[in-house]
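The values are calculated or read from the model by the stated rules, or taken from the named source; none is laboratory data. The structure presented is a predicted model; accordingly, all values stated were derived computationally and were not measured. Counting neighbours? That spans all protein chains shown, and the Cβs are built from the backbone with ideal geometry, glycine included. To get the accessible areas, we keep the full protein, side chains included, count just its heavy atoms, and leave off ligands, DNA and RNA. Shrake-Rupley method; radii C 1.70, N 1.55, O 1.52, S 1.80 Å.
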Amino acid sequence: EADPRYGRVICRCETVTEGEIVEAIRRGARSLDGVKRRTRAGMGRCQGGFCQPRVLEIIARELGKDLTEITLTGEGSNILLQDDRPEARD
């Protein structure tokens, strides 16, 4: 009751809540694999197919970063890339 984020399940397979993910980030997780190692989010049957986009959004929100800045394992392992081609802006 004190923190409703612990009632919001993000990873169905491993039953990981938003509160657990936020706590992992506050304890030092800075990448998708960092959260995965600390919480098991994305290690279940779907291998992150359901929860990975949600975990990415939580990481970006908590760190105050854009989704394109979030990495899989650290520098150079960006998951989403920004399309800077002129035709992509139309």
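Tabulated data
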read-out	value
Answer label for percent of Cα pairs over 20 Å apart (calculated), chosen among (1) 27; (2) 35; (3) 54	(2)
Ellipticity estimate at 222 nm from DSSP helix runs (n ≥ 4, -39,500 (n - 2.57)) divided over the chain, nearest 500	-9500 deg cm²/dmol
Test item: Cα-centred dipole of the chain, Lys/Arg +1 and Asp/Glu -1 on Cβ, debye	420 debye
Percent carbon-and-sulfur accessible area, the range 11-90, ignoring ligands, DNA and RNA, probe 1.4 Å	43 percent
